[in-house]
């Protein structure tokens, strides 16, 4: 059963039980699995599974989405961009996250302060994002763009612990 606890100085941590873990792992294998089959897999009724999945999604533990292959949809350029920032990293990260073309933003340690991922129609689209949107944000000191030549693996099935 989903429950929440708070660690000192941390955001809320959600605690899940073994049944929740089994539900998550089954949905990672097949996100469209019917609740009847999911219930049979984890040993619960359809209604009980439906309630648990709803709690998992409402708590933010699980998102059930369709993952696409950008290249098959006409997006020919994907890139990871490393950003060096002056000032408050959280403010700049929020500004970057507000750009609709950005699919991923993380604050990191190492030679960059932030990493962001973009999926673009072509090189002109990438240039527009970098020049007109990213570099216009106050606090961006420099960027380094790593264009993807080929995507060999993309998975979201890391399971639970």
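If you plug the beta carbon distance of residue 123 and residue 57 into 1/(1 + (r/R0)^6) with R0 = 35 Å, you get a FRET efficiency near 0.40. Label reach from residue 148 (point 7 Å along Cα→C-beta): in the range 64-93, amide nitrogens under 19 Å belong to 65-83. On the beta carbon distance between residue 131 and residue 65, with R0 = 41 Å, the FRET formula returns roughly 0.85.
Sequence-distant contacts, meaning Cα pairs under 8 Å at least 6 residues apart, place the relative contact order of the range 11-116 at 18 percent. Computed with the Debye formula from one identical point scatterer per Cα of the chain, without solvent, the log10 of I(q)/I(0) at q = 0.11, 0.16 Å⁻¹ comes to -0.63, -1.01.
Take the Cα of residue 75, step 7 Å toward its Cβ, do the same at residue 19, and the gap between the two points is 3.7 nm.
Since every read-out is calculated from the coordinates, none of them should be taken as a lab result. This one's a predicted model, so the numbers in the text were calculated from it and none came from an experiment. Here the Cβ is made from the backbone with ideal geometry for all residues, glycine too, and neighbour counts use every protein chain on show.
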